[in-house]
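See below for the structure under consideration.
The values are calculated or read from the model by the stated rules, or taken from the named source; none is laboratory data. Remember, it's a predicted structure, so these values are computed and weren't measured experimentally. With ideal geometry, Cβ positions are generated from the backbone for all residues, glycine too; neighbour counts draw on all protein chains shown. Areas reflect the complete protein model, heavy atoms only, side chains present, ligands, DNA and RNA absent. Shrake-Rupley method; radii C 1.70, N 1.55, O 1.52, S 1.80 Å.
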Amino acid sequence: MSELKVQQLLKEFDLNKLKPVIFIYGNEDVTKNLFIEKVKSVLATTVFWGDELDFKTFLNEIGTKSLFATERVIVVRQFEDFVENLKKEELKIFLETLKKITLPKRLILITSFEKIPSSEPYKTLVSLADVLVSNKLSSTGFYTSIKNKLQREGKVISEENLQYLVSLLNNDLTLAKNEIEKLLLYTADKKEITKEDIDAVVTPKFEENVFVFLNNFFKKDKIALKQAINLIENGAHPFEIQSLILSQLEKALYVKSLLDEGIPIEEAFSKVGITAPIQKSNISNILKSRNETELQNLLKSLYSLELQQKVFYQDPTEKFTEFIIKSLVG
């Protein structure tokens, strides 16, 4: 089974190169939506949702003939829900119907599967249809997409501020689309995007706030205390945040030990398993902000903190807040 990437097809959109039946899977909804919008812009398109589409309606739509035999597209989103409601006999008829679909009729079936099931009707589908995959971008790919978007809009942004912006968007194209549009509108009368512009407009989701906090925490920026309190007030448990601090600490110390051995920084990153530009930037910033002794002391303080919380049952939030304060002023 050969697959095509939806992201690539959006750049080189040509339905004439695709089969009458198209099956799309993957966990990135934005590119699926963009693909369907492209289809709707060139052909008459009817969109159904799988949990609302009954088998009789589907057969009627597939069997309907246009008066002028013009090309028409039927889209079924959440196709897995439609399949789940099919009876055994209906599934058999559905498979036979798939084999008979020819132009000018087109059928596009969209699922949220990250992996295509081996059961029917998917087994038959992949043999009849063009299979398109719509997965989330890698960290590097996401970074590049944001950079290219800003360049196309004629904006100038420093590498540091670009990495900061990307860190707030958490590889989420839906979030990125909304936040970048807000940022472009906010900076419409200026060429360069600054950190102040980003902070004024971009609203990160909960997960992104964690990483913004980590960056400020290691830089000893006093705002980290407020961010830590906000994280807890919004549902984060101190143990969860401490675990992330520990992970960053261990990676930074490992990289530092490799650098001390004379290993080039890129090779050190590779050995530690750090590949994304943002991850590299975060660890580099930690090593610039804190020396090895500070990192070792921070590690000891973190172990002491968890001992107080988990062995002596002291209040986790209270002790975590004390730990943050001491770490920022120490």
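Observations
To keep it simple, each residue is scored yes or no on (1) under 20 Å from residue 175 (Cβ atoms); (2) touching a Gly at 6+ places or on another chain (Cβ under 6 Å); (3) modelled with pLDDT under 85; (4) open to solvent by 40 Å² or more (accessible area, probe 1.4 Å).
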site	(1), (2), (3), (4)
201	yes, no, no, no
212	yes, no, yes, no
221	no, no, no, yes
229	no, no, no, yes
236	yes, no, yes, no
264	no, no, no, yes
278	yes, no, yes, no
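- Here 327, 289, 284, 270 are screened, and the one residue that is open to solvent by 50 Å² or more (accessible area, probe 1.4 Å) and either in contact with a Leu (Cβ under 8 Å, 6 or more places away or on another chain) or under 18 Å from residue 254 (Cα atoms) (or both) is 270.
- The residue that is farthest from the chain's Cα centre (by Cα), among those in region 21-56 that are assigned to a helix (DSSP H, G or I) and surrounded by fewer than 14 Cβ atoms within 10 Å (Cβ to Cβ), is 56.
- For region 172-197, a residue qualifies if it is in a helix (DSSP H, G or I) and of a type in the set (Asp, Glu), and the qualifying residues are 179, 181, 196, 197.
- Any hit, region 73-96, residues being closer than 14 Å to residue 25 by Cβ, out of contact with any helix residue (DSSP H, G or I) (no Cβ under 8 Å at 6 or more places or on another chain) and open to solvent by less than 20 Å² (accessible area, probe 1.4 Å): yes
- Failed criterion for residue 165 (all others in (1) crowded, with 20+ Cβ neighbours inside 10 Å; (2) more than 30 Å from residue 299 (Cα to Cα); (3) in contact with a strand residue (DSSP E or B) (Cβ under 9 Å, 6 or more places away or on another chain) hold): (2)
- The condition of being open to solvent by 80 Å² or more (accessible area, probe 1.4 Å), at negative phi and in a helix (DSSP H, G or I) holds for only one of 318, 322, that being 318.
- Selection within region 222-239 - touching a residue at least 24 places away in the same chain (Cβ under 8 Å) and of a type outside the set (Lys, Arg): 224, 225, 228, 229, 231, 232, 234, 235, 236, 237, 238, 239
- Pairing each residue of region 1-29 that is among the acidic types (Asp, Glu) with any residue that is open to solvent by 80 Å² or more (accessible area, probe 1.4 Å) and not in a strand (DSSP E or B), provided the two are 6+ apart or on different chains, yields C-beta distances under 7 Å for 28/136.
- Residue 172 falls short on exactly one of the conditions (1) without any contact (Cβ under 8 Å) to a residue 40 or more places away in the chain; (2) in contact with a strand residue (DSSP E or B) (Cβ under 7 Å, 6 or more places away or on another chain), and that condition is (2).
- When the criteria are applied in full, residue 173 meets the requirement of being open to solvent by 10 Å² or more (accessible area, probe 1.4 Å), within 26 Å of residue 5 (Cβ to Cβ) and touching a Phe, Trp or Tyr at 6+ places or on another chain (Cβ under 8 Å).
- Qualifying residue in region 104-126 (condition: on the phi < 0 side of the Ramachandran plot, more than 33 Å from the chain's Cα centre (by Cα), open to solvent by 20 Å² or more (accessible area, probe 1.4 Å) and hydrophobic (A, V, I, L, M, F, W, C)): no
- Some residue of region 89-97 being under 35 Å from the mean Cα position of the chain (by Cα) and under 18 Å from residue 9 (Cβ atoms): no
- Some residue of region 287-296 being on the phi < 0 side of the Ramachandran plot, among the hydrophobic types (A, V, I, L, M, F, W, C) and under 30 Å from the mean Cα position of the chain (by Cα): yes
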